1. Looking only at region A:31-53, filter to residues that are touching a residue at least 60 places away in the same chain (Cβ under 8 Å) and assigned to a loop (DSSP other than H, G, I, E, B); which one of those is surrounded by the fewest Cβ atoms within 10 Å (Cβ to Cβ)?
2. Only one of (1) within 11 Å of chain B (Cβ to nearest Cβ); (2) at pLDDT 95 or above; (3) farther than 27 Å from B:F13 by Cα is not met by A:R68, so which one is it?
3. Of the residues A:L120, A:L144, A:L148, A:L166, only one is of a type in the set (A, V, I, L, M, F, W, C), part of a helix (DSSP H, G or I), in contact with a Phe, Trp or Tyr (Cβ under 8 Å, 6 or more places away or on another chain) and away from chain B (no Cβ under 14 Å); which?
4. Could you tell me which residue of region A:214-245 is least open to solvent (accessible area, probe 1.4 Å), considering only residues that are touching a helix residue (DSSP H, G or I) at 6+ places or on another chain (Cβ under 8 Å) and part of a helix (DSSP H, G or I)?
5. Mind listing whichever residues of region A:148-183 are more than 25 Å from A:R68 (Cα to Cα) and either open to solvent by 50 Å² or more (accessible area, probe 1.4 Å) or polar (S, T, N, Q) (or both)?
6. If we scan region A:71-81, do we find a residue that is at pLDDT below 95, away from every other protein chain (no Cβ under 14 Å) and either part of a helix (DSSP H, G or I) or under 30 Å from A:L283 (Cβ atoms) (or both)?
7. Do the conditions hold for B:A147, that is, is it surrounded by fewer than 20 Cβ atoms within 10 Å (Cβ to Cβ) and more than 16 Å from the chain's Cα centre (by Cα)?
8. Do we have B:L119 as open to solvent by less than 60 Å² (accessible area, probe 1.4 Å), at the interface with another protein chain (Cβ under 10 Å from one of its Cβ atoms), in a helix (DSSP H, G or I) and among the aliphatic types (A, V, I, L, M) here?
Amino acid sequence: MKLKFLRTFDVKIAALLFLQLILIFLAFDFQIFMGGDVHSDILLAESILSGNGFKDIWDPQQPQDNWRRPGMPVIIAFLYLLFGHHYLIIKLLMVLLTLGTTVLLYLIFKAEMGSNLWFLLLLFISSATILEFARYELSEIPYLFVVLLSIYFWKRQKYWATILCLIISYHIRTEALALMGAFLIFYLFQKNWRNLIIFGASILVGILPWTLRSIIIGGNQQIKVLLAKNEYYLDAGMIGFTDLIQRVVHNFKLYFFKYGGGVILNTEGFLSFLIMPLALVGLTLFIKMSRIGKIIFLFVIFHLLIMLLWQPSATHFRYLITISPFLMLGLIYGFFGTVKFIKELF
Amino acid sequence: MRKIFWLVIILNFILLIPRFKANLSILKRNLAGEIRASNRMELNELLNAFDWLKRQKERRAIREDAVVVCRQPQFCYYYSGFRSINFPFTENQDVVFNALIQRDLIIAENTEPLCILYLNKVVFDSVKYFQLLYRTGGNPPILGIFAVKKDEVAKLLQAQQ
């Protein structure tokens, strides 16, 4: 009985998770994340639990909230309902989801990556940014978990579960549009019209209620901020073509020359200019190796496009965290591919 | 080739050590019950100001329905229980002033760029209409809580009509 259990239980992954748990603890901080978003999400959760709906209860007018996504507040409301009103329970969930993300990476790439899988998993568990966000009550880790879950289900051909994950991810973070776009463009390239229509229509039905709500209560605030020249200096007016180019160049420099390297390896951004292109080259190479390679590549590219267009004042390495495992995977294949190419040259 | 990548992985782990070392004292203080150990001094001063507001509310020194203007309205409500709004993000001082006098309390922070850029100038240029209730140490103080002098504002509005 005991031996049978050991045979089915992967000791290596269990040891890896145990190591990850220790690393998370060593980087842990019991303080609530003081960046602002968590407080909004908790107050929105309190609003939901008090039966007021999705309202900014901190505001004297208590208007309907038209900025935050409903995903995190709903998760927090559920946790608070079950375990009581304390933010530490959210932290605990983040730790569990970070461990769950490692398990999903293992399950998704086990067949594709062979021995390279352990490079990916070790890079992921030793990532300082992942360890940092494993203790924050923010939406990055839940979103990443749902993104990976959607890919996991898709790989196992559980398409309805994939669609459900896509819809959930959109309600956690708006940038899920990149993931949805990746699946739809994939089917378009494949000329798989049946799946394109099923995925497209289902996603549309799934995201329509929240989108309509946003429109009814004054339009999508995030679109408005995206189009503003500066979200903290509204007198500056709307963005023009030259501003857009400047914004893209500014964001490109930061993501490709500073933040990228720091998210993929613990280099504080050192060698970012080398690491980011290598990661993208690696993702291109991975397309040929795996059926999910195309989806991942499209997702990463669309995600980066959104990040390049976003407000420069909000440019931050945190927006790369949700694609960081894929960039790590890209780095592995980019590194080996480039070394092989150089060897062949000489 | 694979050996090089193993070295990269090992280096990645080694680079975590200084971070863990820096976090160790915070972790120890956390476990000893000092939950705000990792906060910057300015942030702890802001949280202390919210605690002060909460105490004033509990002893009814400030009306329960008073509205606070500050940089982080969610923080204010979460920690003090007072409803709160942002000041307008504009350099038009009249717009900011008109927004302030409609409310009851203002938190002006001297270390925060948004406050320095849009709020503080208006408060300090119109001291006649704002009364300092609470201030932190330091010169200039890290932050101050001001009450809107409703009687002075009423006189001003009357004069304008």
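The values are calculated or read from the model by the stated rules, or taken from the named source; none is laboratory data. Note that the coordinates shown come from a computational prediction; the quantities given were computed from them, not determined experimentally. For neighbour counting, all protein chains shown are included, and Cβ atoms are generated from backbone atoms with ideal geometry for every residue, glycine included. Side chains are part of the model used for accessible areas, which takes the heavy atoms of the whole protein and leaves out ligands, DNA and RNA. Shrake-Rupley method; radii C 1.70, N 1.55, O 1.52, S 1.80 Å.
1. A:G35
2. Every condition holds for A:R68 apart from (2).
3. The match here is A:L166.
4. Per the stated criteria, the residue is A:S214.
5. Of everything in region A:148-183, those that are more than 25 Å from A:R68 (Cα to Cα) and either open to solvent by 50 Å² or more (accessible area, probe 1.4 Å) or polar (S, T, N, Q) (or both) turn out to be A:F153, A:K155, A:R156, A:Q157, A:K158, A:Y159, A:W160.
6. No, the conditions are met nowhere in region A:71-81.
7. no
8. Considered against the rule, which asks whether it is open to solvent by less than 60 Å² (accessible area, probe 1.4 Å), at the interface with another protein chain (Cβ under 10 Å from one of its Cβ atoms), in a helix (DSSP H, G or I) and among the aliphatic types (A, V, I, L, M), B:L119 comes out as no.
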